[in-house]
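Inspection log for the structure reproduced underneath, given as C-alpha cells.
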Amino acid sequence: MPKQTIGHASLSEKKITEVTSVISHQLKTPLAGIKSSLEILLSDDLGPLTKSQKEYLELTLSGTIKMIQLVKNLLDASRVDENRMQLNSERSDFVKLVQEVISDLASFAKAKNSSISLAIKGDIPFLTIDPTRVQQVVNNLIYNAIRYTKGKGDIRVSIERDGDNILFTSLDNGIGISDKEKKKIFTKYYRSPRGVVLATDGSGLGLFISKAIIVQSGGKIWFTSKLDKGTTFYFTLPIR
Amino acid sequence: MDQKKKILLIEDDKFLLKLYSDKLNREGFEVSMAITGEEGLGKVAAEKPDLVLLDIILPQKNGFDILSEIKLNSATKNIPVIILTNLGQDSDIKTGFELGAVDYLVKTDFSITKLPEIVRKYLASSAQHKR
C-alpha cells in the first residue's frame, strides 16, 4: 500500500483518507455555526450594523462559505477513494442545468472581464444523470476556465449529440496546460504552479472529483490544451 | 392572542442549539431543548410539541431511531419532524423521508434566516391536516 510521510509518522493512503473524512465531518458543525451566526448578524436581527461592520461580516461569510466548500470537496474526494460516491440518477434537462451554471457564474465572469457563450447544437434529449453532481462538474470546468485566464476571457461552451452520447465542450483562451502537467491534471490535490499564480485558493480536488462523477455516470472526460493559447475540456454522458 | 407554538429542538451542539433556539424565540415560538437522543424522545412524549427539529448524530440514540419511534407512537406520530443535520448524502436524505420527516435541511447549506419561515410552513400544513 502506498505510504506518505507526515512529520515522523508514516500513514497509508487509506488511513489518510479515513482521517480526512473524519476531520472534514467534524469541521462541518462549527462551520455551520459560524455561518449561521454571520447570517443572523447580517440580517439585522440583533440590531442595525454600520456599513463597514456589514462589509467585514460579508467578507467573513464569504470566507466561511469557501471553507464549507473545501470541506465538502475533501469529503467528496474521500468518497471517491473509498468508492462511496453516490449518484442519485433521475431524468434531467441537461441543457437547463448548463444554462443555470452559466447564469450563476455570470457575475464572476463579468468581474474577471470574461464572457461565456453557449451553443446548443441540435435537439438534446433529457439524460438519466445525477443533476446535482453533473452540475458540479459543469460548474467546475467553467469556473476554472474563468479563473485560469489572463486578460479578457472568451469561454465558449457547447452541447451536441455525438452518437449515443451527449458531448459537452468548454473552450477557453486561458493560460493552457503544459505537456509536463497534462498527466497530472486529474490527480488528487494537484495544482499547476502556473495556475496557483493566477488563483491561490484552489484545493486541487475539483477535476479529481469531476472525473469520478463523469466516469461513474458512464461517460468520459478529457482535454486538449496549448500553452498560453487555451484549453478545451470535453465530457460525454450516455443518452439513456 | 394565539398560544405560542412549541418547537422541540433536539441538538447536541451547544453553539447551534443557542443559535437555533434564540432565532426561534425571537420569532415568537416557545422552544424546548434536548441534547441527547433519549432526552429528546422523552420530551416528545411528555411535552407533545407542535413540531420537532431533529439532528441525526446524537449521543445515546441517533436521530433516525428517534424519528422511527415518534412515528410508531400513535400519540406522537402526527407531530411534524424536520431533520436538521450535516449528513447530506442522498441515502441519508432518502432514509429521513422514508421514516416520515416532512423536510430535510443540511446545516451548512440552508440559511438560518429561513428557519422560522420553514417551521411556519409545516405548522400550517399540520394544522390544516388536523382540521
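The values are calculated or read from the model by the stated rules, or taken from the named source; none is laboratory data. The structure presented is a predicted model; accordingly, all values stated were derived computationally and were not measured. In this analysis, Cβ positions are derived from the backbone assuming ideal geometry, glycine residues included, and neighbour counts consider all displayed protein chains. We work out accessible area using only protein heavy atoms, side chains counted, and drop any ligands, DNA or RNA first. Shrake-Rupley method; radii C 1.70, N 1.55, O 1.52, S 1.80 Å.
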Among helices (runs of 4 or more DSSP H) completely within region A:123-215, the ones holding 3 or more residues that are among the polar types (S, T, N, Q) are A:131-147
Please verify whether region A:79-86 includes one or more residues that are farther than 24 Å from A:Glu18 by Cα, open to solvent by 90 Å² or more (accessible area, probe 1.4 Å) and without any contact (Cβ under 8 Å) to a residue 24 or more places away in the chain. no
Within region A:62-70, does at least one residue satisfy the condition of being under 18 Å from A:Val19 (Cβ atoms), among the hydrophobic types (A, V, I, L, M, F, W, C) and more than 12 Å from every other protein chain (Cβ to nearest Cβ)? no
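Conditions tested, residue by residue: (1) surrounded by 14 or more Cβ atoms within 10 Å (Cβ to Cβ); (2) of a type outside the set (Ser, Thr, Tyr).
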position: A:Asp44; (1), (2): no, yes
position: A:Lys51; (1), (2): no, yes
position: A:Thr64; (1), (2): yes, no
position: A:Leu75; (1), (2): yes, yes
Has region A:94-110 got at least one residue that is touching a residue at least 12 places away in the same chain (Cβ under 8 Å), within 14 Å of another protein chain (Cβ to nearest Cβ) and in contact with a helix residue (DSSP H, G or I) (Cβ under 7 Å, 6 or more places away or on another chain)? no
Would you check if B:Ser68 is polar (S, T, N, Q), within 25 Å of A:Asn88 (Cβ to Cβ) and modelled with pLDDT of 95 or more? yes
Would you pick out the residues in region A:16-42 that are without any contact (Cβ under 8 Å) to a residue 40 or more places away in the chain, more than 7 Å from chain B (Cβ to nearest Cβ), crowded, with 16+ Cβ neighbours inside 10 Å and of a type in the set (Val, Ile, Thr)? A:Ile16, A:Ile34
Scanning region A:216-232 for residues that are surrounded by 19 or more Cβ atoms within 10 Å (Cβ to Cβ) and either of a type in the set (Asp, Glu) or not in a strand (DSSP E or B) (or both) gives A:Ser217, A:Gly219
